[in-house]
1. Can you pull the percent of the chain's accessible area that's carbon plus sulfur, 1.4 Å probe, other chains left in place?
2. Among rounded, prolate and oblate, which fits the stretch 145-274 when a ≥ b ≥ c are the square roots of the eigenvalues of its C-alpha gyration tensor, a/c under 1.5 means rounded, and a/b larger than b/c means prolate?
3. Please name which of Asn77, Leu137, Asn158 has its Cα lying farthest along the dipole of the stretch 77-183 towards the positive end, using unit charges on Cβ (Lys, Arg +1; Asp, Glu -1) and the Cα centre as origin.
4. Largest first, what is the accessible-area ranking of Met293, Met1 with a 1.4 Å probe?
5. Run the numbers for Glu121 and Lys176: contour at 0.36 nm per residue of separation, minus the present Cα-Cα distance, in nm.
6. Taking the Cα atoms only, what angle lies between the long axis of helix 128-146 and the longest principal axis of the chain, rounded to 10 degrees?
7. Report the paramagnetic label zone for Val209: residues of the stretch 128-165 whose backbone N is under 18 Å from a point 7 Å from Cα along the Cα-to-Cβ axis.
8. Specify the inter-centroid distance of the stretch 129-205 and the stretch 327-394, based on alpha-carbon positions, in whole Å.
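The values are calculated or read from the model by the stated rules, or taken from the named source; none is laboratory data. In this text, all values refer to a predicted model and were calculated from it rather than measured experimentally. We place every Cβ from the backbone using ideal geometry, glycine too, and count neighbours over all the protein chains shown. To get the accessible areas, we keep the full protein, side chains included, count just its heavy atoms, and leave off ligands, DNA and RNA. Shrake-Rupley method; radii C 1.70, N 1.55, O 1.52, S 1.80 Å.
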Amino acid sequence: MKFSEIKYERPDYEAINKETLRLAKALAEADSWETAKKVHEEYSKKYNHFESMLTVCHIRHDIDTTDAFYEAEQDYNDEMSPTLAESNLEYQKAFYHSKFRPEFEKIVGPVAYKNLELAIEYFKPEMVPYMQEENALVTRYEKLIAQAKIDWEGETLNLSLMTKYTTSPDRETRKKAFAKTTGFFMDNRAELDEIYDKLVKNRTAQAKVLGFDTYTKLGYAKMNRNDYGPEEVKTFREEVKKTLVPLATKLHEERRKRIGVDHLYYYDTISFKNGNPTPEGTPEEILEKGRKMYEELSPETGEFINFMLANERFDVLGRKTKRAGGYMTSIPDDENTPFVFANFNGTVGDVDVITHECGHAFQGYLTRHDCNEYRDITMETAEIHSMSMEFFTEKWMELFFGSRADDYRMYHLEDAICFIPYGCMVDEFQHIVYENPDMTPEERRMAWVKLEKEYRPHMDYGDNECYLTGGLWQRQSHIYSVPFYYIDYCLAQTVSLQYKAWMEENFDEAWASYVEFCKQGARDFYSKSLPKVGLNVPFKEGCLDKTVKTIMDKAGL
Ligand SMILES: [Zn+2]
């Protein structure tokens with residue numbers, strides 16, 4: 001169905017609450033498998049319709065933030081949807097404790113049950129007041145950052161608008177821009193420290209309600225870590241230190257030579273003297289090139305892209321009244337078909353939408369007929385779909401970047417590899433912080449400085465007071481808003497690098513494995529799903545060796 005043809009109607013929250021409670025009771029009392037199965041099908045259908053209405057409303061509001069109808073609907077849904085939490089939990093409990101669990105497990109898989117266990121066992125009503133305070137603290141951080149006012153040559157800019165200058169081809173401009181942005185973080189250090197200190201203490205208090213000494217276990221449960229714990233993640237980080245940190249240092253040196261400076265400083269954020277490659281053509285032409293690329297890549301991607309274009313599933317052109325940012329989502333009522341939202345702005349980010357967001361969307365398209373539980377994938381898996389698609393589509397980059405396609409591929413590989421040590425540093429920092437909740441802000445900064453030496457020994461912060469004193473992490477919003485989230489990107493990126501190495505040897509075989517992996521969804525646990533399609537689980541010693549060697553050989557490093 002075309003997106004404009006999908007009908008929106010305001011959800012009746014009272015009726016949904018009543019219905020959900022009725023179904024929870026019916027499921028608990030079901031005396032035959034047939035009845036239980038029917039109840040769950042009815043619940044899924046109703047839940048999907050509700051989700052569809054929320055999603056359609058959200059997209060239409062984002063597409064035109066001046067549309068008064070959808071603005072009012074969005075406000076209403078924001079206010080009302082939390083009122084469903086209790087009845088939903090009732091249903092989840094009935095499903096979790098159902099005497100037909102063995103039968104259900106056959107159709108929804110073991111992962112769904114493990115996720116329910118995490119949701120139910122790691123929650124007590126006494127945590128609610130803490131959770132409300134936690135939300136308020138995160139909002140306070142987000143506001144502080146969003147409202148930053150940087151004085152830039154007569155203009156007042158926010159932090160995101162400053163990116164243009166911190167990545168400028170002119171070195172002096174970059175240095176000055178960094179002095180301004182990090183100046184903001186120095187000026188607000190006391191408040192940023194206070195917010196984070198309160199968050200750490202708040203989250204530790206939530207963990208204590210459950211009987212834990214520290215927050216780590218609860219943090220993992222909140223991230224739906226249904227398959228691995230801090231020990232496995234630690235092994236992964238150690239492997240990164242051993243193999244990817246030296247590679248990132250080498251790439252750093254290559255970049256220094258390429259941009260032609262004696263020494264690289266933190267403000268040398270560019271990859272090429274003449275700036276990073278930018279895509280050629282109008283937004284419409286970029287979409288059309290995307291069609292050509294996906295038609296050539298495989299029959300499945302050809303079918304996918306033509307469906308997307310024929311059914312208005314891209315809203316990617318930048319407009320004044322549109323919300324900023326980009327995402328992929330899907331509409332359950334319309335066979336779970338995907339939708340991609342973005343704002344093209346003439347940078348490399350436009351191509352990321354065609355590769356990365358379409359990777360998410362392609363996986364959603366392939367699994368559109370699966371049950372909700374199989375489609376409920378965790379982040380370290382979802383990002384494999386998108387990050388790997390960025391590599392599978394690299395062959396076609398001439399379409400977008402013309403004579404600078406090689407530059408793009410170099411930039412992309414460098415970016416992917418150098419990100420992983422940074423992301424692991426963010427993760428180890430949080431383990432230290434939550435295992436030692438009584439650390440002072442000063443001690444946290446010292447811990448960060450120490451980690452910088454392990455993960456980015458090549459980084460030179462010159463005379464930047466904020467970065468030299470361990471203040472860099474305060475700009476990483478995930479550390480404040482979603483604890484332990486960041487490692488998902490690192491785990492996914494290492495798997496996408498496995499595909500990168502694999503496609504160097506045998507593209508078709510790597511692609512077949514990727515399609516198989518996408519189709520698996522949440523049928524099985526992460527560490528079981530990877531080996532099924534010939535991939536390594538990144539939790540074992542030596543797990544990155546072969547990949548890193550192949551990539552280094554290929555890049556001549
Ligand atoms: Zn993504």
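1. Values: 12780 of 24970 Å².
Percent of accessible area from carbon and sulfur atoms in the chain: 51.
2. Values: a/c = 3.38, a/b = 1.41, b/c = 2.41.
Oblate is the answer for the stretch 145-274, as a/c is 1.5 or above yet b/c matches or exceeds a/b.
3. Asn158
4. Working: Met293 0, Met1 105 Å².
My answer, sorted largest first, is Met1, Met293.
5. Values: separation 55, 0.36 × 55 = 19.80 nm, distance 5.05 nm.
Fully extending the segment from Glu121 to Lys176 adds 14.8 nm.
6. Orientation of helix 128-146: about 30 degrees from the principal axis.
7. 128-139
8. 29
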